[in-house]
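Every number here is computed from the coordinates shown, using simple stated rules; none is lab data. Worth saying up front: this structure is predicted, and the values here are computed from it rather than measured. FYI the Cβ positions are ideal-geometry reconstructions off the backbone, even for glycines, and counts take in every protein chain you see.
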Amino acid sequence: MKKFLQGFIHAFRGIGITLATERNFQVHFIALLTVIVAGFYFDVTSSEWMILILTSTLVMTLEAINTAIEKLCNEVTLERKESIRNIKDVAAGAVLLSSIGAITIAIIVFWKHS
């Protein structure tokens with residue numbers, strides 16, 4: 001049980017490190033807080049809450065994974081390599097795709113309530 005709980009401590013530490021050091025993650029976190037405030041303001045339904053929270057956490061999760069991939073790539077080599085560049089760009093592209101989807105969903109949900 002101790003190892004199980006220790007895993008949570010490590011995971012929360014990782015979230016804290018990412019929030020403290022990564023500007024893009026901070027931007028996504030502010031966006032999440034904005035979505036939460038807007039959700040209360042517009043009195044969204046339970047289904048809309050689920051969709052908004054799911055898409056917001058997907059973006060933040062992918063941003064954290066992107067950060068981990070970038071840091072790992074930088075540990076592997078500091079040499080400029082096309083393969084490393086491609087890996088980083090693909091990971092960043094995943095974040096961008098999820099962000100576009102989340103923004104689209106937020107527009108659809110909040111437009112209805114305005």
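Excluding residues on the same chain fewer than 8 positions from Lys71, give the lysines whose Cα lies under 22 Å from its Cα.
Lys81, Lys88
Sort Lys2, Lys112 by Cβ crowding within 10 Å, fewest neighbours at the top.
Ordered from fewest to most neighbouring Cβ atoms within 10 Å, Lys2, Lys112 come out as Lys2, Lys112.
Within the stretch 41-86, list the trypsin sites (Lys or Arg not before Pro) lying in a DSSP loop whose Cβ has at most 14 other Cβ atoms in a 10 Å radius.
Passing both the DSSP loop test and the Cβ count: Arg80, Lys81.
May I ask you to sort Glu63, Glu82 by Cβ crowding, counting other Cβ atoms within 10 Å and putting the fewest first?
Glu82, Glu63
Just need the relative contact order of the stretch 33-114 here, percent rounded to a whole number, with Cα pairs under 8 Å and 6+ apart.
Reported as a whole number, the value is 50 percent.
Putting +1 on Lys and Arg Cβ atoms and -1 on Asp and Glu Cβ atoms, find which of Ser83, Gly101, Ser47 reaches farthest to the positive end of the dipole of the chain.
Ranked along the dipole, the leading option is Ser83.
Using +1 on the beta carbon of Lys and Arg, -1 on that of Asp and Glu, and nothing else charged, what's the dipole of the stretch 1-109 about the Cα centre, debye to 20?
Dipole of the stretch 1-109, to the nearest 20 debye: 420 debye.
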